[in-house]
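Below: one structure, written as structure tokens.
Coordinate-derived values only; no laboratory data. All of these numbers come straight from a predicted model, not from anything done at the bench. Cβ coordinates were reconstructed from backbone atoms using ideal geometry, including for glycine residues, and neighbour counts include every protein chain displayed.
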Amino acid sequence: MKVTIVGAGAVGASCAEYIAIKNFASEVVLIDIKEDFAEGKAMDLMQTASLMGFDTKITGATNDYSKTANSDIAVITSGIPRKPGMTREELIGINADIVKSVSSSLIEHSPNVTLIVVSNPMDTMTYLVHKTTNLPKSKIIGMGGALDSARFKYRMSEALDCPASDVEGMVIGGHSDTGMVPLTRLATRNSVPVSAFLSEDRISQVAEDTKVGGATLTKMLGTSAWYAPGAAVSSLVQAIANDQKKMFPCSALLEGEYGLNDLCIGVPVILGKNGIEKIVEIELDEAEKAKLKESSEGVSKTNGLLDL
Ligand code: NAI
């Protein structure tokens, strides 16, 4: 199993680290545009192999896509992250050019690759890859909901004063501060609805804190977060690599599902060796449907800024 990660920055390197520690891939190739940067990150990570006990071989290359040949999965994290006060949407101009050229170079050397798009604004970047490549739709996956759901579980576990692993919950919709739809109605603590433990106001607060989860960290760190994003990407890569048939909310191209068309937005999908093996349509109540519709309008508006 060969995995390429384009962008050896904060998220790309964190993702490589988690993939290596989980020890399921034979090879990880890091690519960056900055001279020697990916090579340096790869060497640093390889020097943890004997300490962490993994066998994954990590190498780096400066913009040399021949090194990525025959990758099974490739992750696109190349681009600029937001700074405090910026929205993800403000990154569109620079990141669209980068994502377009990177996806084309990846596919040239790995025609059967499954792509995971991370660069922001992620739903629009995922849509861009659909529009500008010939990959089947099952092989283009946007990562956002897996991270937002992990943040939701963290916030919910704080409110419940319980381990995050006891919480089940999911965030669908666009990967933006206003577009996320945390499904509080379906959130549970060990299968018991969270409404059995928390007031409506507290649950709403958890949802609001989740939606600004990325912005909160960007303010604290001076740039966007990397541990949880890297871990979330590594979980998607593992689900595909090990044919786990696990369900995650991911940005997928919708063609009528949830009443939406011609956009990529976060919905539950089953991930396995074929990429997105199924888009799962769950029953939403009227309020949730309205929020998803509003979120989709925001994503479509950002898609409209693409020069297609
Ligand atoms: P970073 O600045 O630490 O790393 C980005 C790397 O991409 C840099 O090393 C840069 O040299 C490289 N790069 C730029 N253009 C390139 C090109 N054409 N080819 C190869 N490499 C290139 O940024 P960070 O924090 O790793 O974030 C990366 C992206 O991921 C940003 O757009 C950020 O907004 C996004 N992000 C998305 C998340 C999600 O949930 N979808 C979560 C966190 C970040």
Here region 217-232 yields Karplus 3J(HN,Hα) values (6.51, -1.76, 1.60; θ = phi - 60°; whole Hz; Gly and Pro given as x) of 5, 4, 5, 6, 9, x, 7, 7, 6, 9, 4, 5, x, x, 5, 5
Scan of the chain for trypsin sites (Lys or Arg not before Pro) in DSSP loops with at most 15 other beta-carbon atoms within 10 Å gives a longest site-free stretch of 35-244
Fewest-first ordering of HIS109, HIS130 by Cβ atoms within 10 Å yields HIS109, HIS130
Going fewest to most other Cβ atoms within 10 Å around each Cβ, ASP72, ASP32, ASP243 line up as ASP243, ASP72, ASP32
A correct fewest-to-most ranking of THR87, THR302 by other Cβ atoms within 10 Å would be THR87, THR302
Note on region 1-88, DSSP bridge orientation, antiparallel percent to nearest 5 equals 0 percent
With x for Gly and Pro, the residue-by-residue ³J(HN,Hα) of region 169-179, computed from phi through the Karplus equation 6.51 cos²θ - 1.76 cosθ + 1.60 at θ = phi - 60° and given in whole Hz, is x, 8, 10, 10, x, x, 8, 8, 4, 9, x
Under a Gaussian network model of the chain whose springs join Cα atoms within less than 10 Å, the largest fluctuation of VAL117, VAL102, VAL192 belongs to VAL192
Heads up, region 72-223 by the C-alpha gyration tensor (a ≥ b ≥ c square roots of eigenvalues; a/c under 1.5 rounded, else a/b over b/c prolate, else oblate) looks prolate
Whole-Å distance linking the alpha carbon centroid of region 228-287 with that of region 30-68 is 28 Å
Highest GNM mean-square fluctuation among ASP177, ASP285, ASP148, for the chain with Cα springs under 10 Å, belongs to ASP285
Long-range amide H partners of LEU30, meaning residues 5 or more apart or on another chain whose placed amide H is closer than 5 Å, are ILE5, THR59, GLY60, ALA61
Once ASP44 and ALA287 are pulled to full extension, the length gained, defined as 0.36 nm per residue separation minus their Cα-Cα distance, is 82.6 nm
Computed ³J(HN,Hα) along region 138-154: with the Karplus parameters 6.51/-1.76/1.60, θ = phi - 60°, integer Hz and x for glycine or proline, the list is 5, 9, 10, 10, x, 9, x, x, 5, 6, 4, 5, 5, 5, 4, 5, 4
Debye calc, one equal point scatterer per Cα of region 163-268, no solvent, log10 I(q)/I(0) at q = 0.17 1/Å comes to -1.03
Rounded to the nearest 5, the percent of DSSP beta bridges in the chain running antiparallel is 50 percent
Asserting the computed 222 nm helical MRE of the chain (DSSP H runs at least 4 long, -39500 (n - 2.57) per run, divided by residue count, to nearest 500) equals -13000 deg cm²/dmol
So, relative contact order of region 48-193 in percent, Cα under 8 Å, 6 or more apart, is 18 percent
Among GLY60, GLY142, GLY266, the residue with the largest mean-square fluctuation in a Gaussian network model of the chain built from Cα contacts under 10 Å is GLY60
Per residue convex hull volume, Cα only, the chain, in Å³ is 126 Å³
Filtered hits (aspartates and glutamates, Cα-Cα < 14 Å from LYS278, offset >= 8 within chain) -> ASP243, GLU255, GLU257
For region 229-297 the mean separation of alpha carbon contacts under 8 Å (6+ apart) over residue count, i.e. relative contact order in percent, is 27 percent
The whole-number value in µm²/s of the Stokes-Einstein translational diffusion coefficient for region 84-141, with Rh from the Kirkwood sum over alpha carbon pairs at 4 °C and 1.567 mPa s, is 111 µm²/s
With the 8 Å Cα cutoff and a minimum separation of six or more residues, region 1-127 has a relative contact order in percent of 27 percent
